[in-house]
Every structure is written in C-alpha cells, then in structure tokens.
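Just so you know, all these numbers are worked out from the coordinates, no wet-lab data involved. Given the structure is predicted, the values throughout are model-derived calculations rather than measurements. With ideal geometry, Cβ positions are generated from the backbone for all residues, glycine too; neighbour counts draw on all protein chains shown.
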Amino acid sequence: MKKEANKIRWGLIIVIALIIIAVSSFGSLSSINTESDEWYNQTKSSITPPGYVFGIVWPILYTLMGISIYLSIKVKRKENKKIISLWLINLITNALWTYFFFGMQKPLLALGDLAIVWLSCLMLIITNWKNNRLAANLLWPYLAWLSFASLLNFLAI
C-alpha cells in the first residue's frame, strides 16, 4: 500500500486536468462579457471585487482542487466512489452556477446551486480528513471563496 501511495499516476493527473479545464472553460464561456453586461452591472454588489481578481483567484483554486482530487483518489480505498461522486457533483454544480447566474440571469437559482457546491466541498473536506489531511486542507481556500461568492450571490437577489 505504501508503494502505491508514492507512485505518480500520470494518467489520473491528465484526466483530472482535462476535467478541470473543461469545467473552467464552461464557466468562462458563460461569463465572458460580465464587465460590460448591463444586467450584471446593475445586479452586482458594491463589495464585488474587480473582474481581474476572479482571473487570479480561480486558476489558483482550480489548481488546489486538482491536487486535492488527485491526492484523495490516487490510492485505492473504499471511500473513492464517494469521493469521486462528491467531486463530480461539485464540479458540475460549480460550472452550472456560472450559467445560472450570468447566462440565465437567475441569481436565486444560482444561489440554490451554490449551496450544493458549498455543501459538496464541505463533504469533501470531511470525507478526506481521515485518510488525507493535505487533500482536505487544500480545499479550505475554495470553501472560503465559495462562502464569499454566496454572500455576493445573495446580495444580487
């Protein structure tokens, strides 16, 4: 088991990277022109950071998420199905949030979706805590950002 834990699984790293790139690309497509969007400018809170902040924060968060995903499933454990399911829920609802908020302009629907993203992130931290604390701890910045995003989303309703 120890040897398996130290082995780098390049195929898994590539799959995780491709999934995260797909999710982030979908999110980016739904929010391309937010700075010039009249609805968004009227809806956003006065505490919303400038657009470039999101361009800095999200790549960092996606990198931390990718490392966490890899660390949490690189060794075969009985919890892996649960962890993979939680990750899929998290990544899909994360991508959908952008579409609900910016694409459909439905902040209440987006807030409901964001609650699922937040809860799935918390469940990932709790689930990973027993076997891989580093994988769990890498998600705290993501949970903090999701909490801030929830406040911004709430203020847009």
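Could you list D113, D37 in order of exposure, starting from the residue whose Cβ has the fewest other Cβ atoms within 10 Å?
Arranged by neighbour count, lowest to highest, D113, D37 become D37, D113.
Tell me, in nm to one decimal, what length is gained between L29 and R133 on full extension, where the rule is 0.36 nm per residue of separation less the Cα-Cα distance?
In short, 34.1 nm is gained.
Given the options F101, F26, F54, which has the most mean-square fluctuation in a GNM of the chain, springs set between C-alpha atoms less than 10 angstrom apart?
So, out of F101, F26, F54, the one fluctuating most is F54.
What is the helix-to-structure angle for 10-30, meaning the angle in degrees between its Cα long axis and the longest Cα principal axis of the chain, kept from 0 to 90 and rounded to the nearest 10?
10
Answer with one residue from I116, W140, T93: the one whose Cα lies farthest towards the positive end of the charge dipole of the chain, charges on Cβ with Lys, Arg +1 and Asp, Glu -1.
W140
Along the Cα-to-C-beta direction of A17, a point sits 7 Å from the Cα; which residues of segment 69-83 have their amide N less than 19 Å from that point?
Within reach of a label on A17, which here means backbone N under 19 Å from a point 7 Å along Cα→Cβ, segment 69-83 contributes 69-75.
Which residue, I83, I60, I73, tops the fluctuation ranking in a GNM of the chain built on C-alpha contacts under 10 Å?
I60
What list do you get for M123, M104, M65 if you sort them by fewest beta carbons within 10 Å?
M104, M123, M65
Where is the GNM fluctuation largest for the chain (alpha-carbon springs, 10 angstrom cutoff): P107, P141, P50?
With Cα springs under 10 Å in the chain, the top fluctuation among P107, P141, P50 is at P50.
Sort W140, W97, W118 so that the residue with the fewest other Cβ atoms within 10 Å of its own Cβ comes first and the one with the most comes last.
W140, W118, W97
By what distance, in whole Å, do the Cα atoms of segment 2-155 stretch along each of the three principal axes, largest value first?
56, 25, 22
Within 10 Å of each candidate Cβ there may be at most 12 other Cβ atoms; applying that plus a DSSP loop requirement, which trypsin sites (Lys or Arg not before Pro) in segment 39-77 survive?
Of the trypsin sites (Lys or Arg not before Pro), the ones in loops of segment 39-77 whose Cβ has at most 12 other Cβ atoms within 10 Å are K76.
Which value, in debye to the nearest 20, gives the size of the charge dipole of segment 2-155 about its Cα centre, when Lys and Arg are +1 and Asp and Glu are -1 at the Cβ?
In debye, rounded to 20, segment 2-155 gives about 1220.
Using only the Cα atoms, what convex hull volume per residue in Å³ does segment 108-157 have?
Enclosed volume per residue, from the Cα hull, is 44 Å³.
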